[in-house]
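Okay, so here's the structure we're looking at.
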Amino acid sequence: MASGQQWVLVEMVQAFYEAPAYHLILEGILILWIIRLLFSKTYRLQERSDLTEKEKEELIEEWQPEPLVPPVSKDHPSLNYDIVTGPPSHKIIVNGKECINFASFNFLGLLDNERVKQKALASLKKYGVGTCGPRGFYGTFDVHLELEERLAKFMRTEEAIIYSYGFATIASAIPAYSKRGDIIFVDEAACFSIQKGLQASRSFIKYFKHNDMEDLERLLKEQEMEDQRNLRKARVTRRFIVVEGLYVNTADVCPLPELVKLKYKYKVRIFLEESMSFGVLGEHGRGVTEHFGVNIDDIDLISANMENAVASIGGFCCGRSFVIDHQRLSGQGYCFSASLPPMLAAAAIEALNIMEEDPDIFVILGDKCKHVHKALQGTPGLKVVGEPFAPALHLQLEKSTGSRDGDVKTLRSIVDYCLSRGIAITQARYLDKEEKFLPPPSIRVVVTVEQSNEEIEEAASRVREAADAILK
């Protein structure tokens with residue numbers, strides 16, 4: 001054993017003599033620096049002898065801490081909200097006044113549907129109110145599995161996964177697949193939930209102009225050239241395109257056929273957010289893939305919430321099994337949030353039953369959308385933004401007041417005018433300091449199958465009256 005220790009010592013001495021001079025100098029400097037840190041004080045108190053005790057006390061009394069949050073005026077929209085009593089169905093009571101509802105995303109009128117309510121009530125009696133646990137911890141109920149199976153069957157995909165919160169669906173799905181070092185090409189008009197998913201992914205984000213396929217291809221070509229310069233990095237870098245089927249902020253549809261061509265040309269994956277198009281577009285309400293006749297297998301991941309057309313809560317993702325299964329261990333909203341209350345899952349299943357039994361409901365909705373779009377044309381001082389088949393249109397000022405706050409107040413006056421005359425419309429709300437590309441202020445007009453032609457004409461007439469009275 002002694003000989004072994006002696007051999008080690010000889011090896012160390014030999015290594016010391018063979019080491020380069022700069023190496024020994026660097027090690028010596030590091031050793032001296034460590035010794036200095038060990039024996040030096042961690043901090044020094046700065047003595048101030050120029051202030052008396054009385055002066056110190058006066059300074060402390062005068063000091064005022066900075067507010068934790070910036071001051072907000074009392075007339076801020078977030079502090080002055082409209083109060084709804086009763087269900088936000090076809091007729092809605094806002095601030096004590098009954099109005100025709102052109103504000104809630106109840107596109108198919110299922111929110112107050114008797115069949116849906118009875119199924120939810122039966123589930124409430126059987127399972128109770130909530131689940132009190134995420135899916136992996138006694139939060140998976142048989143009704144959850146049934147809903148996932150029904151959604152996959154409805155969308156004609158291999159598998160589906162449900163989330164308990166619609167906003168968290170795409171915000172959880174994006175970072176489940178795209179990590180630091182990966183690249184995401186995303187439309188500038190992407191909704192706020194997509195933006196949160198991009199932030200959580202910590203990926204490299206490249207924005208292209210809204211629905212501009214030439215600009216997207218320019219970015220893809222630039223990335224292709226960059227990949228050629230570093231093939232090793234390119235082999236481990238994943239690339240995604242993230243778009244909405246029907247954009248909530250602009251009410252127009254993405255050019256999906258062109259996106260699919262670019263996908264195969266540049267070898268990228270497509271994530272499609274369909275919260276506004278699911279249950280709206282297509283012969284059977286399957287969304288923008290059915291609307292364009294695109295094979296759903298060409299889309300790597302489809303997500304949508306169940307808070308619009310389905311009139312429930314939560315969201316879902318669907319696609320190939322190996323893609324969806326990954327979220328069961330990596331989707332933060334799925335793994336760490338309490339699962340969807342069973343009564344809401346039962347309500348969503350019954351809503352799917354109605355959608356499958358009566359596909360004509362999508363034709364009716366499309367006709368209503370076209371009627372509203374046409375009826376609002378020519379409103380003085382306002383322009384209609386969105387496709388004729390979009391169920392949530394925007395009304396923007398043709399001429400700005402000169403400031404965003406002024407535009408918001410002007411549009412709010414139009415909303416209040418209509419509310420006072422029995423028409424419930426609403427303003428589109430945004431987190432001004434958080435949005436990557438802040439949309440212009442607008443009024444949102446929502447279409448549902450329950451609105452009659454007479455009510456649509458009445459609503460358009462009230463909007464015109466308000467514009468005539470306010471935009472002078």
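The values are calculated or read from the model by the stated rules, or taken from the named source; none is laboratory data. Note that the coordinates shown come from a computational prediction; the quantities given were computed from them, not determined experimentally. Cβ placement follows ideal geometry from the backbone for every residue including glycine, while neighbour counts extend to all protein chains displayed. The area values use the complete protein model at the heavy-atom level, side chains included, leaving out ligands, DNA and RNA. Shrake-Rupley method; radii C 1.70, N 1.55, O 1.52, S 1.80 Å.
Considering (1) open to solvent by 100 Å² or more (accessible area, probe 1.4 Å); (2) modelled with pLDDT of 85 or more; (3) not in a loop (DSSP other than H, G, I, E, B), say which one residue 34 fails and leave the rest.
Here residue 34 clears every test but (1).
Considering only segment 293-310, I want to know if a residue exists there that is part of a loop (DSSP other than H, G, I, E, B), over 14 Å from residue 160 (Cα atoms), of a type in the set (D, E, K, R) and without any contact (Cβ under 8 Å) to a residue 40 or more places away in the chain.
Within segment 293-310, none of the residues are part of a loop (DSSP other than H, G, I, E, B), over 14 Å from residue 160 (Cα atoms), of a type in the set (D, E, K, R) and without any contact (Cβ under 8 Å) to a residue 40 or more places away in the chain.
In the list 256, 219, 246, which residue meets the criterion of being in contact with a Lys or Arg (Cβ under 9 Å, 6 or more places away or on another chain) and closer than 27 Å to residue 439 by Cβ?
219 is the lone residue from the list that is in contact with a Lys or Arg (Cβ under 9 Å, 6 or more places away or on another chain) and closer than 27 Å to residue 439 by Cβ.
Exactly one condition in (1) open to solvent by 50 Å² or more (accessible area, probe 1.4 Å); (2) polar (S, T, N, Q); (3) part of a helix (DSSP H, G or I) is not met by residue 410; state its number.
(1)
Quick test of your reading of the structure: residue 150 fulfils all but one of (1) touching a Gly at 6+ places or on another chain (Cβ under 6 Å); (2) in a helix (DSSP H, G or I). Name the failing condition by number.
(1)
Pairs only if they're at least six apart or on different chains, beta carbon under 8 angstrom, first in segment 314-336 and at pLDDT below 95, second among the basic types (Lys, Arg); list them, first residue then second.
328/135; 334/135; 334/328; 335/135; 335/328
Starting from segment 87-103, take each residue that is crowded, with 19+ Cβ neighbours inside 10 Å and list its partners that are among the basic types (Lys, Arg), counting only C-beta distances under 8 angstrom and pairs at least six apart or across chains.
Going by the 8 Å Cβ cut-off, the qualifying pairs are 99/91; 100/91; 101/91; 103/444.
Identify all residues within segment 89-104 that are closer than 17 Å to residue 391 by Cβ and not in a strand (DSSP E or B); write none if there are none.
Within segment 89-104, 89, 90, 102, 103, 104 meet the criteria.
Within segment 256-286, which residues are under 11 Å from residue 309 (Cα atoms) and either small (Gly, Ala, Ser) or surrounded by fewer than 18 Cβ atoms within 10 Å (Cβ to Cβ) (or both)?
275, 277, 279, 285, listed by residue number.
Mind listing just one residue for me: the one in segment 310-334 that is farther than 15 Å from residue 279 by Cα and of a type in the set (A, V, I, L, M) and, of those, least open to solvent (accessible area, probe 1.4 Å)?
324
Residues that are over 17 Å from the mean Cα position of the chain (by Cα) and at pLDDT 95 or above: list the helices (runs of 4 or more DSSP H) wholly contained in segment 209-275 that include at least 3 such residues.
Counting at least 3 such residues, we get 213-229, 256-266.
Return yes when residue 139 is on the phi > 0 side of the Ramachandran plot, assigned by the TED database to the domain that holds residue 318 and open to solvent by less than 40 Å² (accessible area, probe 1.4 Å) and no when it is not.
So residue 139 fails the test.
So which of 442, 461 is open to solvent by 10 Å² or more (accessible area, probe 1.4 Å), in the same structural domain as residue 370 (by the TED database) and either without any contact (Cβ under 8 Å) to a residue 12 or more places away in the chain or of a type outside the set (Val, Ile, Thr) (or both)?
So the residue among 442, 461 that is open to solvent by 10 Å² or more (accessible area, probe 1.4 Å), in the same structural domain as residue 370 (by the TED database) and either without any contact (Cβ under 8 Å) to a residue 12 or more places away in the chain or of a type outside the set (Val, Ile, Thr) (or both) is 461.
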